[in-house]
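First the structure, in the form of C-alpha cells, and then the observations on it.
The values are calculated or read from the model by the stated rules, or taken from the named source; none is laboratory data. Fair warning: this is a prediction, and the values are worked out from it, not measured in the lab. Glycine also receives a Cβ, built like all others from the backbone with ideal geometry; neighbour counts cover every protein chain displayed.
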Amino acid sequence: MENLKIIEEEGLVQHAAQMGIILRKGLQQFADHPMVGEVRGVGLIAAVELVADRHTKEPFEAVGRLAVSVLSGPGAWNDQPSHGRCIGILSSVDLNGEGYQ
C-alpha cells in the first residue's frame, strides 16, 4: 500500500504518460523507414516492428532477431512472442525525457 501512496503522491503515472508521449515522438522518426512496419506504445513501453515489406507487413525476422539480440540489455526486451520482429523499449519513469529526442 505504501508503494501505491508514493506513486500517487509523486504523480508517477502522469509523469510516465507525459514521458511516453516524448518517447513515441522520438521513435516516430523511424516510422518512414522501409524496414519499419509500425511504431507503437503506451506510457513508457514502446516497440518498433521490423518488416521486410512495409505494405504487406511481411516479417524481416533475421534482421529483427539480430537487432533484438544486439539491443537487448537495460531498457530493451527480447520480443520472443513476435519471433524477433519487434525492438521493445522499457524506459525508466524517473527520466526527464531528454534522451528520447
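The table that follows gives values for the structure above.
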{"quantity": "Residue match in segment 42-62 (condition: small (Gly, Ala, Ser), in a loop (DSSP other than H, G, I, E, B) and either modelled with pLDDT under 80 or in contact with a helix residue (DSSP H, G or I) (Cβ under 6 Å, 6 or more places away or on another chain) (or both))", "calculated": "yes"}
{"quantity": "Residue list for segment 40-57, filter: of a type in the set (A, V, I, L, M) and either touching a residue at least 24 places away in the same chain (Cβ under 8 Å) or closer than 18 Å to Ala16 by Cβ (or both)", "calculated": "Val42, Leu44, Ile45, Ala46, Ala47, Val48, Leu50, Val51"}
{"quantity": "Those residues of segment 1-23 which are of a type in the set (Asp, Glu), exposed (fewer than 10 other Cβ atoms within 10 Å of the Cβ) and not in a helix (DSSP H, G or I), in sequence order", "calculated": "none"}
